[in-house]
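Have a look at this one.
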Number of protein chains: 2
Amino acid sequence: MWQLFTFPLCPFSRKLRLLMGEKNIAYEVVREYPWEGRDGFWQMNPAGRTPVLFDPARRHALCDSRAICEFLEETVERNPMTGGTAPQRAEIRRLVALFDENFYNDVTAPLLHERMKKRLVLRQPPDSKALREAMKMAHGHLDYIDWLVDTRQWVGGSTLSLADLACAAQVSVADYLGGIDWKGHDQARGWYAVMKSRPSFRPLLAEKMEGLPPPPHYALVDA
Amino acid sequence: MWQLFTFPLCPFSRKLRLLMGEKNIAYEVVREYPWEGRDGFWQMNPAGRTPVLFDPARRHALCDSRAICEFLEETVERNPMTGGTAPQRAEIRRLVALFDENFYNDVTAPLLHERMKKRLVLRQPPDSKALREAMKMAHGHLDYIDWLVDTRQWVGGSTLSLADLACAAQVSVADYLGGIDWKGHDQARGWYAVMKSRPSFRPLLAEKMEGLPPPPHYALVDA
């Protein structure tokens with residue numbers, strides 16, 4: 001069985017876990033905190049990042065969440081999440097990059113730094129200015145998600161795709177860290193409630209980061 | 001004909017231009033400085049980043065360099081640069097991400113900030129500590145490139161691939177900005193000399209960023 005090296009609040013691992021859930025691919029989670037810099041982990045992945053998907057039978061490690069998602073799309077045909085014509089696939093991949101890079105850099109990464117790493121690793125108080133800025137940026141991204149789900153059936157087009165999974169993965173980590181204010185974002189909120197109710201999402205909502213409990217609304221499907 | 005919105009030192013556009021060169025895809029360059037925040041550009045790409053590949057006939061914009069490369073790989077069959085088995089393709093994509101994200105964040109982005117943006121936009125002197133740190137990080141990445149081309153024929157495996165193009169794109173921008181010291185990196189240097197001699201590389205070596213001339217060795221194929 002695949003071994004997934006990750007920690008509960010890694011948004012890129014969450015995207016991958018949603019994909020594996022949608023495709024019914026079994027895996028076991030191996031806890032890895034990349035900031036600890038474990039030698040064995042860096043040997044598997046010179047980028048030093050989660051997720052790493054390891055095949056114990058072949059002693060083979062797959063690295064980089066987008067590369068792993070493409071691999072699973074190519075090797076497991078059921079429930080394709082990067083389907084359609086070439087332009088439709090390009091649109092899905094554009095949005096995956098937008099959430100993996102822009103949403104992550106603007107919102108998820110500062111929240112992880114201020115509310116997770118400072119609390120659990122650095123033992124420092126969060127910087128309230130950085131938190132305010134991240135939440136302001138979150139509003140801009142939620143505006144764009146509002147627009148996307150207002151003009152198409154799903155985030156990436158007419159069907160559920162990796163764009164929805166990448167978006168939900170970032171939003172869920174930001175929400176866990178108290179960085180999402182849904183006020184004025186009814187369309188995005190409605191879409192996220194649908195995503196939360198999917199069976200693929202349940203394992204993520206049940207999982208907690210040690211020493212860092214989520215807010216009460218986090219795991220509620222209708223909140 | 002495709003229109004490529006970019007500026008001369010965008011490493012992600014360089015990767016795409018190398019791919020289009022290898023695949024003999026014609027395009028014209030439209031100069032775009034993303035830091036100017038032009039409305040029309042943000043409307044084409046809400047991520048606000050180069051490259052954008054625009055099809056004037058269909059009024060359709062493709063965004064995100066990896067999404068565009070996948071699109072061209074899917075739609076233009078000649079000279080595939082993400083070929084092989086699924087694990088080989090995963091390895092190519094892992095390395096593209098490593099150069100696009102780790103090399104870029106550690107080396108290219110600080111060099112662009114200190115030596116291009118501060119000179120041309122912010123009118124500030126560069127921070128020598130940040131430059132030293134970027135060049136130190138470059139040595140670590142060059143060590144890894146040494147190892148890669150020492151253990152396989154090309155960066156991503158037994159054939160030229162997008163991993164070589166992504167790596168050469170980042171190295172070339174860092175080299176333009178004086179951030180590459182080849183001392184102790186003979187394998188990487190040999191590989192880069194081969195890359196520089198390819199016809200797909202010539203247009204990049206001839207192009208200059210206004211107000212920021214490259215060092216004399218930059219465009220020499222054997223330097």
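The values are calculated or read from the model by the stated rules, or taken from the named source; none is laboratory data. The model shown is predicted, which means the values in this text are computed figures rather than measured ones. Cβ: placed from backbone, ideal geometry, glycine included. Neighbour counts: every protein chain shown.
Inspect all residues belonging to region A:165-181 and state whether any of them is surrounded by fewer than 18 Cβ atoms within 10 Å (Cβ to Cβ), modelled with pLDDT of 95 or more, touching a His at 6+ places or on another chain (Cβ under 9 Å) and farther than 21 Å from A:Gly21 by Cβ.
The answer is yes, given that some residue of region A:165-181 is surrounded by fewer than 18 Cβ atoms within 10 Å (Cβ to Cβ), modelled with pLDDT of 95 or more, touching a His at 6+ places or on another chain (Cβ under 9 Å) and farther than 21 Å from A:Gly21 by Cβ.
Going through region A:42-86 one residue at a time, which ones are among the aliphatic types (A, V, I, L, M) and touching a residue at least 40 places away in the same chain (Cβ under 8 Å)?
A:Val52, A:Leu53, A:Ile68, A:Leu72, A:Val76, A:Met81
Yes/no per residue for (1) of a type outside the set (Ser, Thr, Tyr); (2) within 14 Å of the chain's Cα centre (by Cα); (3) over 22 Å from B:Leu131 (Cα atoms); (4) assigned to a helix (DSSP H, G or I):
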site	(1), (2), (3), (4)
B:Leu160	yes, no, yes, no
B:Ala168	yes, yes, no, yes
B:Val171	yes, yes, no, yes
B:Asp175	yes, yes, no, yes
B:Gly178	yes, no, no, no
B:Gly184	yes, no, no, no
B:Gln187	yes, no, yes, yes
B:Trp191	yes, no, yes, yes
B:Met195	yes, yes, yes, yes
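Return the total of residues in region A:69-101 being out of contact with any Phe, Trp or Tyr (no Cβ under 8 Å at 6 or more places or on another chain), more than 7 Å from every other protein chain (Cβ to nearest Cβ) and under 15 Å from A:Leu18 (Cα atoms).
Number satisfying all stated conditions: 11.
A further question follows. Looking at B:Arg152, B:Arg132, B:Arg123, B:Arg115 in this structure, which one is touching a residue at least 60 places away in the same chain (Cβ under 8 Å) and outside the structural domain of B:Gly21 (by TED's automatic domain parsing)?
It is B:Arg115.
Tally time: how many residues in region B:126-164 are in contact with a Lys or Arg (Cβ under 7 Å, 6 or more places away or on another chain) and either surrounded by 18 or more Cβ atoms within 10 Å (Cβ to Cβ) or of a type outside the set (Gly, Ala, Ser) (or both)?
Matching residues across region B:126-164 total 1.
Which condition from (1) among the polar types (S, T, N, Q); (2) exposed (fewer than 13 other Cβ atoms within 10 Å of the Cβ); (3) touching a Pro at 6+ places or on another chain (Cβ under 8 Å) is the one that A:Ser65 breaks?
So A:Ser65 meets the others, but not (2).
Please specify each residue of region A:211-223 satisfying the condition of being part of a loop (DSSP other than H, G, I, E, B), surrounded by 10 or more Cβ atoms within 10 Å (Cβ to Cβ) and at pLDDT 85 or above.
Hits for region A:211-223 are A:Pro213, A:Pro214, A:Pro215, A:His217, A:Tyr218, A:Ala219, A:Leu220.
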